[in-house]
Amino acid sequence: MPDPLPDGFLIDLSIEAGVWPDEAHLLQLAERAISAAFAVGELEVIKGSEVSLLFTDDATIRKLNKQWRDKDKPTNVLSFPGGDPQGDIYGPLLGDIVFAFETVANEAREMGIEFSDHLSHLTVHGLLHLFDYDHQEDDEAELMEKLEKTILASIGIDDPYSGSPLVADVE
């Protein structure tokens, strides 16, 4: 079991659209994934920091992806950092992570993995983006993917990148 969330850490969770599991289940998955990311990734936040998780559908995330990334297609997860860190310490508003139900469900089905495992992976992935991890270049992708694999292994989730090219190679 991962360490508890940092002192006073808040997860603001909203279900806007899509056929998501109930809020209590989503919160449990998020707490588990985020706790593991903080413990394994040694991520530091100001006491009382907050992250916002929005669970929506492909139509909504497509609009956001077009508006913010100039990509007119749905994607599984988007992260919107809340502000600049003070040195290596982030917060109090970490930012927003947005998930698209249809894409997440389809990817899990195509990869033959549990929906909850894929969502946990995307939660970790989205959170790491809020801490300035990226995957635009191969060296960045290698670092981020290695950390994701280690975090997920700590909560019993298999390597999500097994047999896949680096994210930097496919975007």
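The values are calculated or read from the model by the stated rules, or taken from the named source; none is laboratory data. Computed from a prediction, not measured in an experiment: that's the story for all the values here. Cβ sites come from the backbone with ideal geometry, for glycine too, and all protein chains shown count toward neighbours.
Before moving on, here are some points about what is shown:
- Among the residues of the range 2-20, those identified as touching a residue at least 60 places away in the same chain (Cβ under 8 Å) and surrounded by fewer than 17 Cβ atoms within 10 Å (Cβ to Cβ) are A17, V19.
- Matching helices (runs of 4 or more DSSP H) fully within the range 78-171 where at least 3 residues are at pLDDT 90 or above: 101-111, 115-130, 138-154
- Those residues of the range 95-129 which are under 24 Å from E140 (Cα atoms) and in contact with a Gly (Cβ under 6 Å, 6 or more places away or on another chain), in sequence order: G95, I97
- Single unsatisfied condition, K63 versus (1) surrounded by 18 or more Cβ atoms within 10 Å (Cβ to Cβ); (2) within 11 Å of A100 (Cβ to Cβ): (1)
- Inspection of the range 113-121 identifies no residue that is within 15 Å of L43 (Cα to Cα) and either in contact with a Lys or Arg (Cβ under 6 Å, 6 or more places away or on another chain) or of a type outside the set (K, R) (or both).
- Any hit, the range 111-119, residues being touching a residue at least 24 places away in the same chain (Cβ under 8 Å), crowded, with 22+ Cβ neighbours inside 10 Å and of a type in the set (V, I, T): no
- Members of the range 27-55 that are farther than 26 Å from D84 by Cβ and in contact with a strand residue (DSSP E or B) (Cβ under 6 Å, 6 or more places away or on another chain): L27, F55
- Candidates are the residues of the range 42-68 that are modelled with pLDDT of 95 or more and in a strand (DSSP E or B); the one that is farthest from L147 (Cα to Cα) is T56.
- Selection count where residues are of a type in the set (A, V, I, L, M, F, W, C) and surrounded by fewer than 20 Cβ atoms within 10 Å (Cβ to Cβ), scope the range 42-53: 1
- Total residues in the range 22-37, condition more than 16 Å from L54 (Cα to Cα) and without any contact (Cβ under 8 Å) to a residue 60 or more places away in the chain: 1
- Criterion violated by E31 - all others in (1) outside any helix (DSSP H, G or I); (2) within 19 Å of S154 (Cβ to Cβ); (3) modelled with pLDDT of 95 or more satisfied: (1)
- Close pairs from the range 38-63: first at positive phi, partner aromatic (F, W, Y) and crowded, with 17+ Cβ neighbours inside 10 Å, Cβ under 8 Å, at least 6 apart: G48/F9
- Condition check for A39: assigned to a helix (DSSP H, G or I) and surrounded by 15 or more Cβ atoms within 10 Å (Cβ to Cβ): yes
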